[in-house]
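Worksheet: the structure to be examined is printed underneath.
The numbers here are math on the coordinates, done by the rules we state, and not lab data. The shown structure was predicted, so the numbers you read here are calculated from the model rather than taken from an experiment. With ideal geometry, Cβ positions are generated from the backbone for all residues, glycine too; neighbour counts draw on all protein chains shown.
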Amino acid sequence: MAASVAAGLFVASPFGGDSAEAAPSKETVAMLKEIAAAAKRSPAPKDVRDDQFTYIKSKVSYRSDEGQDPLHQREIWLSVDGRHTSLLHEPANGHKNTRMKPELPLFVTDSNYRNLQKLPTDPVNMLDWLNKVADEENNGKPFVAVGDLTREALMPPEQAAALYLAAAKIPGVELVDDAVDAAGRHGVAIAWEDDGARQELIFDKKTKQYLGERTVMTEDRPYAEKGEVTEKTAVLERKVVDRAGERP
């Protein structure tokens, strides 16, 4: 698996820690610009109401204390405004139409659609927001926030474009030429390594649309060996529906 990294170009990390990280290579930045342009062209859902839900169907597999979960389907209905009871259907993990009441008051980092509409549409301001979130919640790791907003949420086109352009300025972000999501689809990945593991956000090579995510071990750990894939997902459908439990 080839990763493009700027040779010899290192910058001090502004996110804590003593190690320096490589600035994203020209190839990585160029790919993120293409991904951002594709996101900006994506049609936004029309006339979205506060009482509606974002429906996301995916295939997932995660490492747990018992070992690697078998690949299984996951469906979730997320409240558009974050104030209505959401629903999770993931029988493989014991969730059969599990209702999830909202935690109020809502956090500024909540990934409901209404909150995402309030995020910056300028990449500089988006990067500032990611750094603030990283300082408060992610131990100084803004790429973790990028993954959180991409994985299981519905990003408005303008904010999604700003998000990927901001990711192009995060030290340590790199390009992986070929990565495979949980559905077996090959794509190009935007990745970031931390504590012996590489988080990869995978995008279709042609359309640049988000496919899924995986985590690959880059060092041996007691729970996994170098090269193992400990987490993998694939988003199969993402729509706005009227009711929790309704499928498109």
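Under a crude label model (7 Å from the Cα following the beta-carbon direction), how far is ALA37 from ASP177 in nanometres? Modelled inter-label distance: 2.2 nm. Relative to the Cα centre, the charge distribution of the chain, modelled as +1 at Lys and Arg Cβ and -1 at Asp and Glu Cβ, gives a dipole magnitude of about 1080 debye.
For segment 53-111, relative contact order (Cα pairs under 8 Å, six or more residues apart, normalised by length) works out to 25 percent.
Can you tell me the order of 118-130, 93-105 when each peptide is scored by its average per-residue count of other Cβ atoms within 10 angstrom, highest first? Can you show the working numbers first?
Details: 118-130: 17.4, 93-105: 11.5.
Peptide ranking by packing, descending: 118-130, 93-105.
What FRET efficiency would be calculated for the residue pair THR218, ARG185, taking the C-beta separation as r and a Förster radius of 30 Å, to the nearest 0.05?
Details: r = 23 Å, r/R0 = 0.75.
In this case the efficiency is close to 0.85.
Spatially, segment 165-239 and segment 21-88 are offset by 13 Å when compared through their Cα centroids.
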